[in-house]
1. Is it true that some residue in the range 18-33 is in contact (Cβ under 8 Å) with a residue 40 or more places away in the chain, touching an Asp or Glu at 6+ places or on another chain (Cβ under 8 Å), exposed (fewer than 15 other Cβ atoms within 10 Å of the Cβ) and of a type outside the set (A, V, I, L, M, F, W, C)?
2. Among the residues of the range 1-44, write down those that are small (Gly, Ala, Ser) and either touching a Gly at 6+ places or on another chain (Cβ under 7 Å) or closer than 20 Å to Ala57 by Cβ (or both).
3. Of everything in the range 34-55, what is exposed (fewer than 14 other Cβ atoms within 10 Å of the Cβ) and assigned to a loop (DSSP other than H, G, I, E, B)? Give them in sequence order.
4. Which one of Ala45, Ala36 is of a type outside the set (Lys, Arg) and at pLDDT 95 or above?
5. Kindly provide the set of residues from the range 56-66 that are under 14 Å from Leu17 (Cβ atoms), without any contact (Cβ under 8 Å) to a residue 24 or more places away in the chain and surrounded by 14 or more Cβ atoms within 10 Å (Cβ to Cβ), ordered by number.
6. Which numbered condition trips up Gly66, out of (1) part of a loop (DSSP other than H, G, I, E, B); (2) at negative phi?
Amino acid sequence: MPDRHRTLGEIADRFGLTCRGDPALAVSGVGTLASARAGQIAFLANPRYRKQLAGTAAAAVILREG
């Protein structure tokens with residue numbers, strides 16, 4: 001079965017997240033803030049990596065509220 005791209009909105013719905021951006025944005029994979037490419041999603045769980053936000057190529061980043 002071929003990989004199916006998901007949209008940002010589908011991912012947000014699936015995991016109960018708030019989508020702040022284009023919910024139709026296609027996401028093709030997951031990466032770290034440092035290694036994510038266009039079309040991939042990354043997340044920031046540890047505040048010490050916050051500086052990497054400015055330089056990430058990720059299409060979207062999952063952040064903790066607050």
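1. Yes, the range 18-33 contains a residue that is in contact (Cβ under 8 Å) with a residue 40 or more places away in the chain, touching an Asp or Glu at 6+ places or on another chain (Cβ under 8 Å), exposed (fewer than 15 other Cβ atoms within 10 Å of the Cβ) and of a type outside the set (A, V, I, L, M, F, W, C).
2. Gly21, Ala24, Ala26, Ser28, Gly29, Gly31, Ala34, Ser35, Ala36, Ala38, Gly39, Ala42
3. Ala34, Ser35, Arg37, Ala38, Ala45, Asn46
4. Ala36
5. Leu63
6. Against the list (1) part of a loop (DSSP other than H, G, I, E, B); (2) at negative phi, Gly66 comes up short only on (2).
The values are calculated or read from the model by the stated rules, or taken from the named source; none is laboratory data. The structure displayed is predicted, hence computed values, not measured ones. Every residue, glycine among them, receives a Cβ derived from its backbone with ideal geometry; neighbour counts consider all protein chains shown.
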